[in-house]
Amino acid sequence: MEAAFAEGQEEGRAGLAAHESESGRCPCGRPHPPSPLQVRFCGCGARGEGARGADGLTARERFEHATVAGWPMCRVPDRLGGATLETALAMPGAERGRGEAVRCARALLSRLDAGERPGAGLCLLGPTGTGKSGVLAGLTHALRDRGHPVVWTTYASLVDAVRAKYGHGSEASTVIVSLGRVPILVIDELGDPFRERGHEQESEDRRRILHDVLAARHAALLPTLLSANYGSLAEMGDQFDPRVSSRVTEMCVVVTVGGRDLRATPTI
């Protein structure tokens, strides 16, 4: 794995120049669709990730796949396939926390590029449609372009991946261990804040899965990137458990992103 990681870093750095382009445009030169949250690549395949082997994967991708062997990794959503930190900052309402989120993302990227431990991950809170996932997607692409392995998942997919291994011996715990060890983990759409307050918000099993992953990463000082549609960590603690929000407080810089819903009505 270490050899694949080193090779992936070199490929990522070599491909970075090819990937850098005018904000809002694909590396092939074609403009992205106008919706601020629909920043896609045009389908030309230009990503600057380096040469692919016989298996169709780059060295960085092989490292990521090996880290979470046995369960399907979630990709960054296609609608955010072309997101960058620049496009995240250019969206309206950056003065309502997204500018601070991008600043923190760039600081984390800089520390990792220098070979240092960033010291903390990043947790973005706030209403739906305010660009939280766009910031995390832009950071994920920037990290991967530089050869840093990143696993992107959603909270629901994480839970499903573990539960799918129930009844297969120790395989469920193997998924948790793998997620606890991956160099950088993104958990998008954490929790369900739309459930009625005062009712049981999560099953004990789902709480345990999330807590075990976060606890393992906290102990290993590995950066975790989160987004959640809560107004505060207290609301997160109401749904999950105070232990979960306490872990997030200690392991992440927490930024609340506000503003109006930026999602646009699609056109044919």
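Checking every residue in segment 62-71 against the condition of being open to solvent by 20 Å² or more (accessible area, probe 1.4 Å) and at pLDDT 90 or above gives zero matches. Name the residues in segment 157-177 that are under 16 Å from the mean Cα position of the chain (by Cα) and open to solvent by 10 Å² or more (accessible area, probe 1.4 Å), would you? Hit for segment 157-177 is Ser157, nothing else. Of the residues making up segment 91-113, those that are more than 21 Å from Leu222 (Cβ to Cβ), out of contact with any strand residue (DSSP E or B) (no Cβ under 8 Å at 6 or more places or on another chain) and either polar (S, T, N, Q) or open to solvent by 10 Å² or more (accessible area, probe 1.4 Å) (or both) are Met91, Pro92, Gly93, Ala94, Glu95, Arg96, Gly99, Arg103. Can you confirm whether Ala228 is modelled with pLDDT of 90 or more and either β-branched (Val, Ile, Thr) or in contact with a helix residue (DSSP H, G or I) (Cβ under 8 Å, 6 or more places away or on another chain) (or both)? Criteria met by Ala228. Just checking, does segment 114-130 include any residue being open to solvent by 20 Å² or more (accessible area, probe 1.4 Å), in a helix (DSSP H, G or I) and either touching a Pro at 6+ places or on another chain (Cβ under 6 Å) or under 28 Å from Ala59 (Cα atoms) (or both)? No: zero hits.
Restricting attention to segment 199-250, and to residues there that are of a type in the set (Lys, Arg) and touching a residue at least 24 places away in the same chain (Cβ under 8 Å), which single residue is surrounded by the fewest Cβ atoms within 10 Å (Cβ to Cβ)?
The extreme case among them is Arg243.
Taken over segment 133-156, the criterion of being open to solvent by 10 Å² or more (accessible area, probe 1.4 Å) and touching a Leu at 6+ places or on another chain (Cβ under 9 Å) is satisfied by Ser133, His141, Ala142, Arg146, His148, Thr154.
The values are calculated or read from the model by the stated rules, or taken from the named source; none is laboratory data. Everything quoted here is computed from the prediction, not taken from an experiment. Because the Cβ atoms are built from the backbone with ideal geometry, glycine has one as well, and the counts that use them run over all protein chains shown. Just the protein is used for accessible areas: all its heavy atoms, side chains included, with ligands, DNA and RNA removed. Shrake-Rupley method; radii C 1.70, N 1.55, O 1.52, S 1.80 Å.
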